[in-house]
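Engineer: Below is the structure I would like to discuss, written out as C-alpha cells.
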Amino acid sequence: MTIPVDIAALGARAAAMTEELGRISSAPDNLTRFFLTPEHRRAADLVARWMAEAGLGVSEDALGTVRGHWHPAGPDAPRLLIGSHIDTVANAGKYDGALGVILGILAVGAVAQAGLAPPYGVDVLAFGDEEGTRFPTTLSSSAACAGVFPPASLAATDGDGVSLAEALRAYGKDPDAIAAAAYDPSRVIAYVEAHIEQGPVLEVEGEPLGIVTAIAGASRLSVTVTGEAGHAGTVPMRLRRDALAGAAEMALAVERIARSDPHGMVATVGRMHVEPGSINVIPSRVVFTVDLRSGSDMSRREALTRFEREAHAIADNRRLGVVISAFHEVATVPCYRDLQLRLGNAVADLGHRARALPSGAGHDGQAMSKLCPVGMLFIRCRGGISHNPAEYTSPEDMGLAAAALIRFIERFQLPQRDGGTSGALT
C-alpha cells in the first residue's frame, strides 16, 4: 500500500513539536539541555507523551533513552530502529538531534495509523548523551543500546564533581541495569537517523534532503612547538627561534593537506596557547590542537603521516622543537549501501534528487554501528549553521523528511544478512 502523505501538515506538526521541545531549557534566554538534568527529564517526558499519542508503546532504559515501540508482528519479531538525541550543547539550536526524534515519531505514527502490518517492528529512540556536554562520555546512551557501554564511564564526573553513576541514581536509574539496555543483535535489522546536515552543501545545491555515505572518522592532535624567548626589539629576524611563527606555518600545512584531499577532508586548528604571551617577547612555546576528519580512514592516516613529516621539516628549518601527540581517534563509520539506496528511493518517490554526502559531525550512528547496519538522512539547514540559536530548517523540508521516512518504512522489506565479512544487507 501507499500511505497518503500531507507534506505541509507533517512539516507544520514537526515545526510545532520542535518549538515546544526547544522551550525546555535550563537557561532563561537560550536553549541549554544537558544529560540527566531536570530539563532532560522534562524533555524525555514530553517525547514519551508524543510517542504514546502516536500509538506507540513507551519504555525507558537505564541510561534514560526513551523508546517508542510499534510491534505489529509481536515483541519477538525483528525490528528497525529510528532515532536521534534530545540533549544539546550550551546555547544550542532547536533542530540538532531533536528533529530526528520528532520525525521518527511522526513517520512511525503515520505508518501505524495506516494499518500497515509488516513482519517486523520499529522502535523510535530518543537518546540523551550525544553531545557529551555534561560528562566526557559522548554516545553513552546509544552505546548502551548497542551493548558497548564502557563501565569505566560511570566514574566520569561533570563540572560539579558529580559522577555519571551518581547522576543516574538521582535521575531514578540503576547503573547495575545498564547491561539490560542492550538490544539483541540477532533481532535488530538496522538503525536509521534523520538529522540536519549541519553544513551548507544541500542549501548550495538546492536540494532539501541528502543521503549520508559515511560518518567521518576523526583524529585530534596536540602539537607542542618550542623555541626561544627573546626581546622583540633586539633579536634580528634571521636569528630568531619563534615558536609562534613555526606553529603558524604548521597550521597552514594542515590546511593545505586537507584542501588537497579527494575525500572531503576537513581540518581545524581550534586552540593555540602562546607563551610567554607578552607583546614585546618572542614566543618560546606554543601548544595548538588539530582536528582532522575524513570519510576515508586510509586518507586520514596518510594525512596524519604527511602532517607529521611536514611539521618536523618546518621545525628543523626554523631550529625549533616539535612534539605531536594524538589524544582522540574515532574510525570512519560507512553507511550501508543498501540503506543508502532505500533512503534514496524514498526521496526520489517524492520528486527530489537525494544528494550523497559524508557527515563531518559525529552521531549516535557511530555507536549503533557496533550493533547493526546504519543509515542516515540529512535535512537541509539554513546557512549550514548548527550548535547555534540561528540553526533553522524550514517546515517544508521537515515535512519532506517525514514523508521520506514514511516511504522508507512502508516499502522496507525484511532483509537477510549476506553472511560475508561486510555485514551488508541484501
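Engineer: Would you call VAL330 at pLDDT 95 or above and of a type outside the set (Phe, Trp, Tyr)? Break it down into steps so the answer makes sense when it comes.
Structural biologist: Values: at pLDDT 95 or above: no; of a type outside the set (Phe, Trp, Tyr): yes.
For VAL330, the condition - at pLDDT 95 or above and of a type outside the set (Phe, Trp, Tyr) - is not met.
Engineer: For PRO262, which of the numbered conditions (1) modelled with pLDDT of 95 or more; (2) farther than 18 Å from GLU329 by Cβ fails to hold?
Structural biologist: Going through the list (1) modelled with pLDDT of 95 or more; (2) farther than 18 Å from GLU329 by Cβ, PRO262 breaks only (1).
Engineer: Within segment 30-47, work out how many residues are buried (at least 19 other Cβ atoms within 10 Å of the Cβ) and part of a helix (DSSP H, G or I).
Structural biologist: Counting residues in segment 30-47 that are buried (at least 19 other Cβ atoms within 10 Å of the Cβ) and part of a helix (DSSP H, G or I) gives 5.
Engineer: So which residues in segment 1-19 are loosely packed, with under 15 Cβ neighbours inside 10 Å and in contact with a Leu (Cβ under 8 Å, 6 or more places away or on another chain), if there are any at all?
Structural biologist: Of everything in segment 1-19, just one residue is loosely packed, with under 15 Cβ neighbours inside 10 Å and in contact with a Leu (Cβ under 8 Å, 6 or more places away or on another chain), namely MET1.
Engineer: Among the residues of segment 356-391, how many are among the β-branched types (Val, Ile, Thr), closer than 20 Å to ARG293 by Cβ and crowded, with 24+ Cβ neighbours inside 10 Å?
Structural biologist: Adding up the residues that qualify gives 1.
Engineer: Pull out all pairs, ordered by first then second residue, where Cβ-Cβ is under 7 Å, the residues are six or more apart or on different chains, the first lies in segment 58-70 and is farther than 10 Å from GLY83 by Cα and in contact (Cβ under 8 Å) with a residue 12 or more places away in the chain, and the second is basic (Lys, Arg) and not in a strand (DSSP E or B).
Structural biologist: ALA62/LYS173; GLY64/LYS173
Engineer: Something else: I'm told VAL101 meets every condition in (1) crowded, with 24+ Cβ neighbours inside 10 Å; (2) over 27 Å from LEU343 (Cβ atoms) except one. Can you identify the failing condition by its number?
Structural biologist: Going through the list (1) crowded, with 24+ Cβ neighbours inside 10 Å; (2) over 27 Å from LEU343 (Cβ atoms), VAL101 breaks only (2).
Engineer: Sticking with this one: Quick one: would you say ALA107 is more than 21 Å from ASP61 (Cβ to Cβ), without any contact (Cβ under 8 Å) to a residue 60 or more places away in the chain and outside any loop (DSSP other than H, G, I, E, B)?
Structural biologist: Answer is no for this residue.
Engineer: Sticking with this one: Does ALA401 satisfy the criteria of being closer than 15 Å to GLY97 by Cα, at pLDDT 95 or above and aliphatic (A, V, I, L, M)?
Structural biologist: Values: closer than 15 Å to GLY97 by Cα: yes; at pLDDT 95 or above: yes; aliphatic (A, V, I, L, M): yes.
When the stated conditions are applied, ALA401 passes them.
Engineer: Still on this structure: Could you name every one of the strands (runs of 3 or more DSSP E) located completely within segment 298-388 that has at least 2 residues being β-branched (Val, Ile, Thr) and not assigned by TED's automatic domain parsing to the domain that holds ASN30?
Structural biologist: Strands (runs of 3 or more DSSP E) meeting the threshold: 321-330.
Engineer: Something else about it: Any residue in segment 154-163 that is within 14 Å of the chain's Cα centre (by Cα) and closer than 30 Å to VAL323 by Cα?
Structural biologist: So far as segment 154-163 goes, no, none of its residues is within 14 Å of the chain's Cα centre (by Cα) and closer than 30 Å to VAL323 by Cα.
Engineer: Out of (1) at pLDDT below 95; (2) part of a strand (DSSP E or B), the odd one out for SER422 is which?
Structural biologist: (2)
Engineer: Can you find even one residue in segment 85-99 that is over 21 Å from the mean Cα position of the chain (by Cα) and outside any helix (DSSP H, G or I)?
Structural biologist: Within segment 85-99, the first condition is being over 21 Å from the mean Cα position of the chain (by Cα), and the residues that meet it are none.
Among the residues of segment 85-99, not one is over 21 Å from the mean Cα position of the chain (by Cα) and outside any helix (DSSP H, G or I), which makes the answer no.
Engineer: Okay, moving on. Has segment 276-290 got any residue that is out of contact with any Lys or Arg (no Cβ under 6 Å at 6 or more places or on another chain) and either among the acidic types (Asp, Glu) or under 30 Å from ALA144 (Cβ atoms) (or both)?
Structural biologist: Looking through segment 276-290, none of the residues is out of contact with any Lys or Arg (no Cβ under 6 Å at 6 or more places or on another chain) and either among the acidic types (Asp, Glu) or under 30 Å from ALA144 (Cβ atoms) (or both).
Engineer: Another question, if that's okay. Collect the residues in segment 202-219 that are under 21 Å from ALA403 (Cβ atoms) and either out of contact with any strand residue (DSSP E or B) (no Cβ under 9 Å at 6 or more places or on another chain) or not in a loop (DSSP other than H, G, I, E, B) (or both), keeping them in residue-number order.
Structural biologist: Hits for segment 202-219 are LEU202, GLU203, GLU205, GLY206, LEU209, GLY210, ILE211, VAL212.
Engineer: Another question, if that's okay. Confirm whether LEU125 is touching a Cys at 6+ places or on another chain (Cβ under 7 Å) and crowded, with 24+ Cβ neighbours inside 10 Å.
Structural biologist: When the stated conditions are applied, LEU125 passes them.
Engineer: Take TRP50 and decide whether it is surrounded by 20 or more Cβ atoms within 10 Å (Cβ to Cβ) and over 26 Å from GLY132 (Cα atoms).
Structural biologist: No: the conditions fail for TRP50.
The values are calculated or read from the model by the stated rules, or taken from the named source; none is laboratory data. Predicted model only: the values in this text are computed from it and were never measured. We place every Cβ from the backbone using ideal geometry, glycine too, and count neighbours over all the protein chains shown.
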